[in-house]
1. Mind counting the residues in the stretch 75-92 that are without any contact (Cβ under 8 Å) to a residue 24 or more places away in the chain and not in a strand (DSSP E or B)?
2. Test SER66 against the criterion of being among the hydroxyl-bearing types (Ser, Thr, Tyr) and without any contact (Cβ under 8 Å) to a residue 12 or more places away in the chain, and give yes or no.
3. Which residue is nearest to GLN29 (Cα to Cα), if the candidates are limited to the stretch 67-79 and must be crowded, with 17+ Cβ neighbours inside 10 Å and touching a Gly at 6+ places or on another chain (Cβ under 7 Å)?
Amino acid sequence: MISDSASSQTPEPQPASQGKADEKLRVCQLSDLRAGECAHMQYADLQCDECDLLHALGMTDRCKLSVRKTGNPCIVQVGATRIGLAQSVSSKITVIPDDANGTVTRVSPSPQQQQQQQQQQQPGDEQ
């Protein structure tokens, strides 16, 4: 039998509500998002030095981020900065997807990114 003290050591994530007491936001791990999805960082269950490093790179509580690449490393963009995160780190970062009702906003690649992707798909076309 599991005691109540064991369950109180790891608190369940409490989604932040903004104005409405009955509104529930969907939370998930950063590692669960797909490339192109956007979210706001809720919190990170990391060591202090890891949190300090992420903070220095711009990943702060409630910052908006977009996933550019999934896997290991997971690449996220915060503002103009892209950050590569190990799977062991991205799985400990809790985020709230952009849309509070559970749907996630997808980011379209910029024209420059589309051109780069096309060039990567067609190697050796030089004459």
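Where a number appears in this text, it was derived from the coordinates with a stated rule and is not lab data. Everything numeric in this text was worked out from a predicted model, so none of it was measured. Positions of Cβ are generated from backbone atoms using ideal geometry, with glycine treated the same way; all protein chains shown enter the neighbour counts.
1. Step one: list which residues in the stretch 75-92 are without any contact (Cβ under 8 Å) to a residue 24 or more places away in the chain, which gives 75, 77-80, 82, 84, 86, 88.
Still in the list and also not in a strand (DSSP E or B): 79-80, 86, 88.
So the count comes out to 4.
2. When the stated conditions are applied, SER66 does not pass them.
3. Out of the qualifying residues, it is VAL67.
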